[in-house]
Each structure stands twice: as structure tokens, then as C-alpha cells.
Amino acid sequence: MSEEFFEVKVFKGNSRLPEICEVRKRAWQNSMKADLLKDPSFIPRLNNDEDEDTHIIIEDNGRIVGVGRIKMKNDFSLLSSFKDFDLSLDRPYGELERVAVDPEYGGRGLVHLIDQAVLEYVKNNGMPFLFVTVIPPRDKTVERLGYRRLGEYMVTFDTKEFSTVAFVYESK
């Protein structure tokens, strides 16, 4: 059996957003977000705020098959609502969002590749910390990666609410 090789890249800009959104649509077809995909305006609205974001993309022979987005944030109000949040709020931080893997590539470790690339990006780009909300059982994975649990958190994704667990990763 030959070993698979996937290329991990950091991407900024909007030239590949249609490909990124296609991966998300395929990944979310059978998830909690499936109902949102029925709204034809959902994906275009998702693209509206991504031009300045950083995407970690996984490619297989030039085709995007996995993605995670790092959004820079300046609003600290959400974080200060967690009683265990004690990090300095003196500069922008990152939020990891919209991790998705093409279902055809599931079970091949692509989420792990995305996670590792995200943490490397955070460390190498001077981000003080990275915030993320996840749906169990992914909470166990992010804890193993060194994220610190902040608590339960309700996330509104478009018009739908999800119960999640919030974490923070400190850049060292």
C-alpha cells in the first residue's frame, strides 16, 4: 500500500474561495449544518467576509480536499464572558472556524494535518492566542493538542444555534 501525500498550504485572498466553499458544502451535507445549505444565499453570504482571512488548505494533486479558516478578531467581549479566561487582551487574536474535509477523504487524518498547520501558523505569526468552539467529540482532540477548555458556549451559525465547547490555545 502506498503512502498518501497531501500538500498543506497557507492561503490568503479570494481566488480559491469557490473551491473552499465547495469542500465545505460537501463536508456539511450530512451534518448539523445541512439545513443551512438548502438556503441558496447561504454560501454566498459565507464568502462575504473571507477576503482578508487566512485559510489552511489541504490539496491532493492541486484539488482542495480540506480547509480551516483563521479569522483575526479585535472584539474581546465574548472572551471576557468566560470566568477562566485570563489572557492579555492587548492585541488581535485568531479564531479557528469552518474546518471541513471532503467526505471522500474522511478518515485519512486531514483534520489532524489542518490542526497541526493551524498551530504552527499561530506560533509563527505572533498571535497571542487562538480561540475555537467545537462540537463533541472533537473537544477531546483539541484538548490533546494543548487547547485549554473555557466552558460551554452557544454558537449561532447563520440562523441556527449549536451547543459547543469553547477552547483557547496560547501561543508560546
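Here are a few things to note about the model shown:
- Figure legend. Inter-residue proximity from the stretch 83-106: first residues buried (at least 20 other Cβ atoms within 10 Å of the Cβ), second residues in a loop (DSSP other than H, G, I, E, B), beta-carbon distance below 7 Å, spacing 6+ or different chains. Indicated pairs: Tyr93/Met127; Tyr93/Pro128; Gly94/Met127.
- Within the stretch 61-73, not a single residue is free of Cβ contacts under 8 Å to residues at least 12 places away in the same chain, part of a helix (DSSP H, G or I) and surrounded by fewer than 17 Cβ atoms within 10 Å (Cβ to Cβ).
- Among the residues of the stretch 78-104, those identified as assigned to a loop (DSSP other than H, G, I, E, B) and either modelled with pLDDT of 85 or more or at positive phi (or both) are Pro92, Asp102.
- Residue in the stretch 14-33 that is modelled with pLDDT under 85, under 15 Å from the mean Cα position of the chain (by Cα) and outside any strand (DSSP E or B) present: yes
The values are calculated or read from the model by the stated rules, or taken from the named source; none is laboratory data. What you see is a predicted model; the values in this text were computed from it and never measured. Counting neighbours? That spans all protein chains shown, and the Cβs are built from the backbone with ideal geometry, glycine included.
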